[in-house]
Amino acid sequence: MITLITGGARSGKSAYAELRAGQHENVVYIATAQAADDAEMIRRIEAHKKRRPASWRTVERDYDLAEAIHEEDAALLDCVTVMLSNYLWKYSAEGEDVDEEKIEGLCMEELSDLIAAARRKDCDLFIVTNEVGSGIVPMHPVSRAFRDMQGRINQRLAQAADEVYACISGIPVKIK
C-alpha cells in the first residue's frame, strides 16, 4: 500500500507517518534532509531521530531511493519537499533560471522508482510531503518555480497513492 501524507509546516504529518509506519515490525526510514553546516537543520534532524524507534534502519539520501528498500515491511520517505529543494539547489543554474522540467523530472523519476520497488517488494510505503499551494503567490521566480513543481509532484503522487491524508493542526484527515 502506498500512503501519501501531506500538510503544512508543523501540521503533524511526519509524526502521523511515523505512527503508521510504527505499526510494522521492520521499517526503513528514508531521510532526505541534509544538515551540512546548518545548526538549525542539525537540531531538526536530531529531533526526528529521537522520535523514531532505534530498531528502524535509516538511509539518508535523495537519490537511488528504490535501493533503500531491502526486506522491510514498511518504508517511510520524509520528505519530498526537502528532496525537491535539494534537487533545485543542485540542478538549477545561478540566478533565476530554473529548468523546471529537468528538476521535476529527476525528482519524479526517483519517486516513481521508489513506488514501483515498494509495490514489487510488497512493502507499505509512507510518503511525507508539504502542501505548499495554500499560501500567497511567492514574489521570487525561483520560489514560484519551486511551489509549482511541488504542487505538480504532489498531484502525481496523490494519483499513484492508494491512500492520501492531509494533516491539519495534528489531525490526519483521509482524503483518498
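Quick look at the values:
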quantity	calculated
Close pairs from the range 141-168: first without any contact (Cβ under 8 Å) to a residue 24 or more places away in the chain, partner crowded, with 20+ Cβ neighbours inside 10 Å, Cβ under 6 Å, at least 6 apart	Arg147/Val132
Met108 within 26 Å of Gly22 (Cβ to Cβ) and free of Cβ contacts under 8 Å to residues at least 60 places away in the same chain	no
Qualifying residues in the range 113-148 (those that are β-branched (Val, Ile, Thr) and not in a strand (DSSP E or B)) - the one surrounded by the fewest Cβ atoms within 10 Å (Cβ to Cβ)	Ile136
Verdict on Thr81 being touching a residue at least 60 places away in the same chain (Cβ under 8 Å) and not in a helix (DSSP H, G or I)	no
Some residue of the range 95-102 being in contact with a helix residue (DSSP H, G or I) (Cβ under 6 Å, 6 or more places away or on another chain), in contact (Cβ under 8 Å) with a residue 60 or more places away in the chain and not in a strand (DSSP E or B)	no
Of all residues making up the range 121-152, the number that are basic (Lys, Arg) and under 18 Å from Tyr29 (Cα atoms)	1
Residue match in the range 98-105 (condition: touching a strand residue (DSSP E or B) at 6+ places or on another chain (Cβ under 8 Å), surrounded by fewer than 14 Cβ atoms within 10 Å (Cβ to Cβ) and over 15 Å from Ile2 (Cα atoms))	no
Filtered residues of the range 129-145 (kept if touching a helix residue (DSSP H, G or I) at 6+ places or on another chain (Cβ under 9 Å) and within 25 Å of Cys167 (Cβ to Cβ))	Thr129, Asn130, Glu131, Val132, Gly133, Gly135, Val137, Pro138
Hits in the range 1-30 (condition: in a strand (DSSP E or B), over 20 Å from Gly151 (Cβ atoms) and touching a helix residue (DSSP H, G or I) at 6+ places or on another chain (Cβ under 7 Å))	Val27, Val28, Ile30
Some residue of the range 79-100 being over 20 Å from Gly8 (Cβ atoms) and modelled with pLDDT of 95 or more	no
Residue match in the range 41-57 (condition: buried (at least 17 other Cβ atoms within 10 Å of the Cβ) and either part of a loop (DSSP other than H, G, I, E, B) or at pLDDT 95 or above (or both))	yes
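The values are calculated or read from the model by the stated rules, or taken from the named source; none is laboratory data. Quick caveat: nothing in here was measured; it's all calculated off a predicted structure. Note that each Cβ is placed from the backbone with ideal geometry, even for glycine, and that neighbours are counted across all protein chains shown.
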